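The values are calculated or read from the model by the stated rules, or taken from the named source; none is laboratory data. Everything quoted here is computed from the prediction, not taken from an experiment. For neighbour counting, all protein chains shown are included, and Cβ atoms are generated from backbone atoms with ideal geometry for every residue, glycine included.
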Amino acid sequence: MSEPIPSAGAQAWRPSISIVDHISVDDEGRALTEPLREDIRLLGGILGDMVREHSGSEVFDLVESARIAAFKVRRAEIDRDELADMFTDLDISVALPVIRAFSNFALLANLAEDIHRERRRMIHVRAGDPPQNSSLDATYAKLAAADIGDEEVGRALADATVVPVITAHPTETRRRSVFEAQNRITELMRFRSRTELTPAEDATVAEGIRRQILTLWQTALIRLERLTIQDEIRSGLRYYDASFFEVVPKINTGVRAALRAAYPTADLADDPMLRMGSWIGGDRDGNPYVTDEIVTMATTLAARTAIGHHLDELKQLAQELSMSTRLMAPGDELYELAGVPRDDPAADEPFRLALRHIRSRLVATATELFGEDVMKASDLFLFDGAPAYAAAAELLADLDVIDAGLRATGDDIIADDRLLSLREAVRTFGFHLSGLDMRQNSDMHESVIAELLAWAGVHPDYLSLDEADRVEILTSELNARRPLTRPDAALSELAVKELNIVRAAAAAVGRFGPQAVPNYIISMCTSVSDMLEPMILLKEAGLIDIDAESGKLTSSVRIVPLFETIEDLQQGAETLLAALDIPLYRDLVDGQFGMQEVMLGYSDSNKDGGYMAANWALYRGELDLVEAAKKAGIRLRLFHGRGGTVGRGGGPSYDAILAQPPGAVQGSLRITEQGEIIAAKYAEPVIAERNLETLLAATIESSLLDVEGLGDESEDAYRNMDEIAALARSAYSELVHDTPGFVEYFTTSTPLSEIGALNIGSRPASRKQTEKISDLRAIPWVLSWTQSRVMLPGWYGTGSAFEQWVGDDEERLATLRRYYEKWPFFRTVMSNMAQVLAKSDMGLAHRYAQLVPNETLRDKVFGMIVDEHERTIAVYAKITGTDDLLTDNAALKRSVYNRFPYLEPLNLLQVELLRRFRAGEDSPAVRRGIQLTMNGLATALRNSG
């Protein structure tokens with residue numbers, strides 16, 4: 001148990017056991033990481049030179065002293081107070097460059113670790129080792145070993161779809177300039193490690209690295225102004241040129257070719273398995289800045305990005321495909337496409353002529369969609385009156401003619417290069433690039449629909465009706481062709497805004513095709529009426545219509561209920577079945593190939609009931625939804641609203657997907673990618689390919705292999721987890737919901753109020769002005785606990801639950817150990833929790849607790865946190881058989897052990913500046929210092945919310 005907790009001003013509280021005692025690194029591990037440490041020494045040394053040269057010896061000496069002292073703190077050679085005293089009342093002009101130094105070191109250490117992971121993978125490949133787990137090659141080997149038949153593969157993957165959805169939750173704290181400088185350093189370091197260099201070349205590379213680190217040192221790490229949605233849209237689109245255009249088509253063609261070769265009679269479709277989605281500009285849940293103009297901007301810029309890519313690739317193809325009819329003889333279709341007779345002397349290079357015609361049509365398409373002002377000068381000369389493409393399928397058909405022409409002349413290896421990539425890009429990205437999801441909170445729908453019904457004279461007080469009456473009115477209106485409004489309707493600002501947004505979505509579908517806006521998500525969905533209300537809005541905009549012949553509802557937009565709280569997850573299957581019992585809704589789903597998508601909310605369920613209760617509610621909810629889909633005879637696709645941190649559903653994607661219950665994947669999966677995780681996964685092609693492969697590998701395995709591993713024990717396991725989850729929720733609620741003053745403790749012991757000033761996103765921290773935890777957004781909730789190193793959302797309540805459930809019963813303990821060995825869900829939950837615990841630090845957390853003015857409250861709440869923290873670590877060791885928290889995560893173990901001491905100064909400086917700020921020292925420099933520490937810690941921890 002913990003030592004007594006002193007009051008503010010007393011000697012600093014120390015945990016009885018250091019968290020580093022639960023992370024072991026042996027000599028072999030250190031030897032394997034020597035190249036990593038060498039890279040960090042190189043980059044850190046250059047950064048130190050920049051600090052000394054450009055900020056002076058005083059700053060450099062303090063940085064070095066703090067660095068050395070931080071490692072002494074970890075080794076328990078000095079007290080943490082000695083390090084903290086270095087920063088007490090430190091002049092802010094000195095504090096700022098010290099913070100920047102440690103923050104920039106975190107950036108450089110991140111890229112060194114990424115390069116080291118690449119290096120280790122390359123060593124395994126060159127050694128001829130078996131393919132790594134979570135790679136597609138490993139998946140193909142598992143499928144072959146399982147001896148699965150072609151028919152089963154074809155059935156499971158008939159419409160396989162994996163969609164990473166880039167979300168409008170940008171906890172990515174890096175500015176683009178910093179992002180680009182870091183990428184340039186990465187390329188130089190990668191070149192240096194993979195290339196045999198002469199001394200002169202090595203010196204040139206080293207000088208290039210120094211130049212980029214100097215640029216990084218003199219580039220502001222944080223923004224002066226808050227990001228706008230426009231910024232977020234452009235930021236999300238930058239990943240297409242950075243990696244997606246190169247990697248996504250490559251993966252799609254590769255997985256299709258591999259599966260067809262292994263299962264030739266599976267009748268797998270040409271449709272891309274991997275597609276992209278986005279929430280940026282369509283998610284207006286709690287974001288007042290999303291308007292119809294923003295929806296138009298998001299869809300238009302996405303389309304311009306896609307068509308711009310296709311035009312660039314066509315230009316490159318025209319340069320490459322220089323084949324002459326004097327040396328080969330293509331078929332007639334190519335000449336027809338080129339628009340010239342075979343015997344025309346000008347037709348000597350028919351591929352170039354055909355590509356010129358394709359480019360001219362695509363230029364006409366772009367001009368029709370965006371106007372001439374967006375076209376490049378090099379493309380405008382092609383604007384020769386050729387007809388625009390009505391859809392991307394027409395462009396693909398023309399490219400298929402080019403492909404057939406090359407293959408007819410034996411040029412298959414040429415066809416399989418840039419042309420193959422472009423054809424796949426057109427299949428994948430079309431003219432729309434990615435599907436923009438619309439999302440709004442059910443409360444907003446309710447208010448707007450009530451107003452529309454009152455204005456139209458349908459019912460004066462919809463809000464007063466019970467659920468049955470609401471459903472009756474909504475179904476009646478959906479069955480009627482007449483609209484509820486007209487252009488001159490006197491409606492509230494909210495109603496006008498919501499109607500204009502769905503009309504903008506309808507316009508985007510009309511311009512760029514139905515894939516431009518494929519889904520409408522209902523946040524906080526609790527009932528059937530919540531699912532029907534947005535359908536009224538879609539009907540008003542023309543996105544839902546009544547088929548003239550059948551009289552059934554038709555729409556290209558799917559209705560996606562989002563079940564977020566634990567109660568909503570528990571009732572989700574019942575809600576879905578009730579909706580499907582309504583004929584018009586069932587008709588709608590049947591008209592969409594019988595596919596119903598359901599989104600699962602990881603963030604709010606965690607904030608609502610704690611880590612273990614939320615994870616089990618999600619698993620149970622999925623089981624129920626799978627059973628409901630079978631009962632209703634529909635196909636189910638689950639959309640996982642995961643954040644970057646474990647407290648918001650984060651953790652390794654491969655493990656998370658394999659941890660889904662049986663039947664929950666079925667070849668299809670959508671998953672949100674949020675914040676700093678987007679840059680970590682997709683900033684450049686090598687890393688992006690690995691991470692996208694992981695999603696596909698896990699989806700294929702979950703669809704075709706028995707990955708749950710419980711066998712006949714499943715029902716007993718489910719009942720046991722029901723009990724454990726209830727105990728975990730009770731322990732969590734005792735602290736978060738039932739402890740008087742907890743909100744005060746949370747808001748004063750963490751930088752919650754200061755987070756609003758960190759310019760990391762366009763959205764407010766809360767859905768509405770309130771001091772209730774339930775109304776706070778999950779991102780600042782998790783970010784605050786992360787900054788203070790408590791990491792509470794990723795573990796609290798779990799230790800008490802296990803301890804109470806096991807008691808003195810050795811058989812129950814053996815049961816949990818068995819689950820850990822054979823059940824991917826349980827193992828993943830335990831592993832992710834251990835990763836969070838490894839990043840937590842109760843010693844640092846105690847210093848944040850000292851910011852709480854109410855001494856009694858401080859001691860009570862912090863005491864509960866410490867007790868549960870130690871309890872959770874203890875039961876983890878009993879269940880897993882190891883007290884090494886990172887025994888299954890070598891990469892994070894290296895990071896925690898080797899460089900987490902560098903976080904000490906950032907945490908201690910943050911506490912010092914928060915103390916000053918709250919004492920009245922409200923200067924721009926102090927505010928900037930607090931923001932810089934948040935940025936540095938988010939970067940170093942590699943998860944900010």
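Scanning the range 325-340 for residues that are outside any helix (DSSP H, G or I), without any contact (Cβ under 8 Å) to a residue 40 or more places away in the chain and exposed (fewer than 14 other Cβ atoms within 10 Å of the Cβ) yields R326, L327. The number of residues in the range 461-475 being within 21 Å of K539 (Cβ to Cβ) and assigned to a loop (DSSP other than H, G, I, E, B) comes to 1.
Answer with yes or no whether L913 is in contact with a helix residue (DSSP H, G or I) (Cβ under 6 Å, 6 or more places away or on another chain), modelled with pLDDT of 95 or more and closer than 21 Å to L62 by Cα. In short, yes.
With respect to D343, is the statement that it is in a helix (DSSP H, G or I), outside the structural domain of V502 (by TED's automatic domain parsing) and not aliphatic (A, V, I, L, M) true? Answer is no for this residue.
For E912, the conditions (1) outside any helix (DSSP H, G or I); (2) on the phi < 0 side of the Ramachandran plot; (3) more than 30 Å from the chain's Cα centre (by Cα) all hold with the exception of (1). For the range 434-446, the count of residues that are in contact (Cβ under 8 Å) with a residue 12 or more places away in the chain, assigned to a helix (DSSP H, G or I), surrounded by fewer than 18 Cβ atoms within 10 Å (Cβ to Cβ) and in the same structural domain as A505 (by TED's automatic domain parsing) is nonzero. Being within 16 Å of A659 (Cβ to Cβ), in a strand (DSSP E or B) and not assigned by TED's automatic domain parsing to the domain that holds F802 is a property that L623 lacks.
Looking only at residues of the range 630-661 that are modelled with pLDDT under 55 and not β-branched (V, I, T), we find that the one that is surrounded by the fewest Cβ atoms within 10 Å (Cβ to Cβ) is G650. Checking the structure you have, find out if any residue of the range 508-515 is closer than 25 Å to A468 by Cα and not in a helix (DSSP H, G or I). No, that holds for no residue. Restricted to helices (runs of 4 or more DSSP H) entirely inside the range 28-110, those with at least 1 residues that are closer than 29 Å to Q212 by Cβ and in contact (Cβ under 8 Å) with a residue 40 or more places away in the chain are 34-55, 57-74. When the residues of the range 776-818 are filtered to those that are outside any loop (DSSP other than H, G, I, E, B) and among the aromatic types (F, W, Y), the one that is surrounded by the fewest Cβ atoms within 10 Å (Cβ to Cβ) is W805. Just one of the listed residues (A838, A877) is in a helix (DSSP H, G or I) and either at pLDDT below 95 or closer than 20 Å to V743 by Cα (or both), and it is A838. Comparison of D581, D624, D608, D604 shows that the only residue that is touching a helix residue (DSSP H, G or I) at 6+ places or on another chain (Cβ under 9 Å) and free of Cβ contacts under 8 Å to residues at least 12 places away in the same chain is D581.
Being outside any helix (DSSP H, G or I), hydrophobic (A, V, I, L, M, F, W, C) and over 26 Å from A95 (Cβ atoms) narrows it down to one of L857, L885, so name that one. Let's see the steps before the verdict.
Working: L857 fails: outside any helix (DSSP H, G or I).
Result of the check over L857, L885: L885.
Of everything in the range 671-706 that is surrounded by fewer than 20 Cβ atoms within 10 Å (Cβ to Cβ) and over 30 Å from S235 (Cβ atoms), the residue that is modelled with the lowest pLDDT is D706.
Please work out if L259 is in the same structural domain as I930 (by TED's automatic domain parsing), assigned to a helix (DSSP H, G or I), out of contact with any strand residue (DSSP E or B) (no Cβ under 9 Å at 6 or more places or on another chain) and over 24 Å from T296 (Cα atoms). Explain how you work it out, then say what you get.
On the way: in the same structural domain as I930 (by TED's automatic domain parsing): no; assigned to a helix (DSSP H, G or I): yes; out of contact with any strand residue (DSSP E or B) (no Cβ under 9 Å at 6 or more places or on another chain): yes; over 24 Å from T296 (Cα atoms): yes.
Here the answer is no, as L259 does not meet what is asked.
Of all residues in the range 136-182, which are part of a loop (DSSP other than H, G, I, E, B), among the aliphatic types (A, V, I, L, M) and at pLDDT 90 or above? I148, L157, A160, listed by residue number.
Annotation note: Cβ proximity below 7 Å between a residue of the range 661-672 that is closer than 19 Å to V829 by Cβ and a residue that is assigned to a loop (DSSP other than H, G, I, E, B) (sequence gap 6+ or interchain) occurs for P661/E708; P662/E708; I671/R642. Would you be able to tell me the number of residues in the range 710-719 that are farther than 17 Å from E622 by Cα and in contact with a helix residue (DSSP H, G or I) (Cβ under 9 Å, 6 or more places away or on another chain)? Of the residues in the range 710-719, 3 are farther than 17 Å from E622 by Cα and in contact with a helix residue (DSSP H, G or I) (Cβ under 9 Å, 6 or more places away or on another chain). Screening the candidates A548, A578 for the property of being over 23 Å from the mean Cα position of the chain (by Cα), surrounded by fewer than 19 Cβ atoms within 10 Å (Cβ to Cβ) and in a loop (DSSP other than H, G, I, E, B) yields one hit, A548.
Checked against (1) surrounded by fewer than 22 Cβ atoms within 10 Å (Cβ to Cβ); (2) modelled with pLDDT under 90; (3) touching a Lys or Arg at 6+ places or on another chain (Cβ under 7 Å); (4) not in a helix (DSSP H, G or I), A891 meets all criteria but (4).
Listed here are the residues, each with its yes/no results for (1) aromatic (F, W, Y); (2) surrounded by fewer than 17 Cβ atoms within 10 Å (Cβ to Cβ); (3) within 22 Å of Y682 (Cα to Cα).
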| residue | (1), (2), (3) |
| --- | --- |
| E207 | no, yes, no |
| R211 | no, yes, no |
| L214 | no, no, no |
| W217 | yes, no, no |
| E225 | no, yes, no |
| I229 | no, no, yes |
| G236 | no, no, yes |
| Y240 | yes, no, yes |
| F245 | yes, no, yes |
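When each of I566, I501 is tested for being aliphatic (A, V, I, L, M), under 28 Å from N832 (Cα atoms) and either crowded, with 24+ Cβ neighbours inside 10 Å or touching a residue at least 12 places away in the same chain (Cβ under 8 Å) (or both), the lone residue that passes is I566. The single residue among E821, E868 that is assigned by TED's automatic domain parsing to the domain that holds F746, free of Cβ contacts under 8 Å to residues at least 40 places away in the same chain and not in a loop (DSSP other than H, G, I, E, B) turns out to be E821. Any residue at all in the range 440-451 that's polar (S, T, N, Q) and under 14 Å from M535 (Cβ atoms)? Yes, because at least one residue in the range 440-451 is polar (S, T, N, Q) and under 14 Å from M535 (Cβ atoms).
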